[in-house]
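Just below is one structure, and these are the notes that go with it.
Derivation of every value follows stated rules applied to the coordinates shown; laboratory data play no part. All values reported here derive from a predicted model rather than from experimental measurement. Here Cβ is always computed from backbone atoms with ideal geometry, including for glycine, and neighbour counts include all displayed protein chains.
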Amino acid sequence: MSDKKIKLPKWLEERHSKLWEKFGNSSFRMEEAVELLSKDSGVEKEEVAVVLSELRKAGWVKVELDPEDARKRIYKLKSKGNIIKDELTLKEGKLSRSDIETILKKAADLIRTRVDYKFILVLLFLKQISDKWDMEYERAYKEALEDGLSVDEATDEASQLSFHDFDLPKNYHWKNLRSDVENLPENFSNALKTIADRNPQLKDVIDTFDFVEFTSSRENAEILRQLVELFSEKKLHHVDPDILGDSYEWILRYFAPQKAKEGEVYTPREVIKLLVEILDPKPGESVYDPASASNGMLIISYSHVKDNYGKEEAEKLFLYGQEVNQKTLALGTMNLYIHDIKNAQTAMGDTLLYPKFKEGDGIKDFDVVIANPPWNLDGFSEETLKKGEFWRERFPYGFVNKQSADWAWIQHMLASAKDDNGRVGVIIDNGALFRGGKEKKIRTGIFKDDLIDCVILLTEKLFYNTSAAGAIIVFNKNKPKNMKGKVLFINASEEFEKHPEVRKLNILSNENINKIVDIYHKFDDVDGFARVVSREEIEKNEYNLYVPLYASPKEEMEEINIPREWSELKELEDELHLIEKKIEGYIEEVL
């Protein structure tokens, strides 16, 4: 049983092992733990408090009152055997992906297009943190009773914030909110505001949603009641974060076609996956999305590192995102929590005018900068951009016209990338590759500085808000020697499969993604699909980066059987002659 894998950060498991070697099943005090860990591992006193708090949250250590001083605690470790046993017991109660999706499909069918789908996501989030709080409480309460505390003492002990991720007042737990059917809207609105006040990380996140406004009609009040009952069917505390996160994404994707008509942009996750695979973020690096929306870029970057290096290494990835729309930012923040991603910082604000991540006297720089900014965003002329912060640093190649901010976004992203190893990937409108005027001037300057690594033409009908084919531009602040003075053009216009759910859309399959990524890393020619183009050829084309100029799929030539084609043509002519005779006869009868 000891070889079973236990999910806990390696550094924390190592601290547990050190303590277990010294104390085993015996009780110990904080001072003893400080003495041991500071001597063996150089851990400061404050860090030891964090270690014990995290071990207690995970259920790896029991805590009881110190009989000599009731203001202090005595700690007692759980053996790894007991920990594994508890883990296996918990797994028996876990919900599957299909269990969660069944609930969400019912919720989606319930609201249809009558009310905003975002309220489903808020309810999902609130139900999950409430169920998790209950699970943490039950575990701590049981341990307190086992340690000899009275019922009242155990109740008080298990309610301590150190056992929980969020400070959740008892009267705003899901079961208590649900029980007061007559006042559901008011109670849910008050719960969101109170929880946000008591948890600074949720301020301006969950409290931006108003259930009183939501239920201004009697019909919506009934929908809320049914949604609450639907989410009450199952406990969400044992759901794997990946499954719960995918379910959250399912709702975003399900309503994307409808919301696209209202101007909301949802970037297909397979397109993000393609871009992340190309940029290849690694443990210890930072990833920044200046137009973060639902945080898909950050979440998939985290998943990329977790899949390739493990969860512990993914925790060493530093994630940053900025979004201008408060409610979209709130959805994105909840999306991170649902995915159990805690190493992320998000901020609200207009990135082109007021970038929020700063360092010293300028903007912060990152290893990877990745985004799908709003295409052809208008209103950002030179006069407007000069009203923003750090404009000289961020727009060194010039200013865009007020009709499209595409190359303003790109310049900001380049300015945000580290000089030594910064990689930038942007999903953009194809027009940005060839439009003239101010955009051509900016494009030319960036090209001459040899920052453009690769340009990829995507297939059409990938996006929910437009049928147009988008493009990906990859930039590199430190191009390898074999890539200097060259640009790789990939024409992936024929790389797609039909969308399984939305008739008019296409998707990128894993095979499509792998093919594109493989060619990118090889940086080589593939007839009709990819071509490495010299600086001189692009200069001759006046810095036009439109992919079909450089790489186009071969048109298959069909062999023509001339005798057979001639015979079929004669047959068609004979049929046409007979039809003409019939029509002439009908005309004569009428006349």
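Phi angles of the range 202-218 translate, via the Karplus equation with coefficients 6.51, -1.76, 1.60 and θ = phi - 60°, into HN-Hα couplings of 9, 5, 6, 10, 7, 7, 8, 10, 10, 6, 5, 5, 4, 9, 5, 9, 5 Hz per residue; Gly and Pro are given as x. Measuring spread by the Cα atoms of the range 96-253 yields a radius of gyration and Dmax of 16.5, 54 Å. Could you give the angle, 0 to 90 degrees to the nearest 10, between helix 80-92's Cα long axis and the longest principal axis of the Cα atoms of the chain? It is inclined by approximately 50 degrees. Based on alpha carbons, the Rg and Dmax found for the range 265-373 are 12.9, 37 Å. Counting only DSSP beta bridges with both residues in the chain, the antiparallel share comes to about 60 percent. Candidate cross-link partners of Lys461 among the lysines, defined by an alpha-carbon separation under 21 Å and a same-chain spacing of 8 or more, comprise Lys259, Lys261, Lys273, Lys498, Lys504, Lys515.
The residues packed around Glu146, meaning those with a beta-carbon under 12 Å from its beta-carbon, carry a net charge of +1 if Lys and Arg are +1 and Asp and Glu are -1. Only lysines eight or more places from Lys45 in sequence, or on another chain, were considered; those with a Cα closer than 21 Å are Lys10, Lys18, Lys22, Lys57, Lys62, Lys72, Lys76.
Could you compute the longest span of the chain free of GluC sites (Glu not before Pro) located in DSSP loops and having at most 12 other Cβ atoms within 10 Å, not counting the site residues? List each step's numbers first, then the result.
Working: sites that count: Glu44, Glu68, Glu233, Glu262, Glu494, Glu501, Glu542, Glu555, Glu556, Glu558, Glu559.
That would be 263-493.
For the range 300-396, trypsin sites (Lys or Arg not before Pro) meeting the loop criterion (DSSP other than H, G, I, E, B) and having at most 12 other Cβ atoms within 10 Å: Lys342, Lys386, Lys387. Computed from phi, the 3J(HN,Hα) profile of the range 355-365 under the Karplus parametrisation 6.51, -1.76, 1.60 (θ = phi - 60°) reads x, 8, 9, 10, 8, x, 9, x, 7, 6, 10 Hz, with x in place of Gly and Pro. Sorting the Cα pairs of the chain by distance into bins of 10 Å, from 0 upward, gives 3, 14, 21, 21, 17, 12, 7, 3, 1, 1, 0, 0 percent per bin.
What is the order of Met413, Met348, fewest Cβ neighbours within 10 Å to most?
Met348, Met413
The long axis of helix 269-279 is offset from the longest Cα principal axis of the chain by roughly 90 degrees.
Secondary-structure-derived ellipticity at 222 nm for the chain, considering helices only, amounts to -15000 deg cm²/dmol, per-run term -39500 (n - 2.57) for DSSP H runs with n ≥ 4.
Seen against the Cα atoms of the chain and their longest principal axis, helix 184-198 is set at about 70 degrees.
Sorting Trp409, Trp375 on the 10 Å Cβ count, fewest up front, what's the list? Let's see the in-between values first.
Values: Trp409 25, Trp375 21.
Neighbour counts put them in this order, fewest first: Trp375, Trp409.
Taking the range 96-209 as the region of interest, the number of lysine pairs whose Cα atoms are within less than 22 Å, with members eight or more places apart or on different chains, is 25. For Ala347, nonlocal amide neighbours, meaning residues 5 or more places apart or on other chains whose placed amide H falls under 5 Å from its own, are Gly321, Gln322, Glu323.
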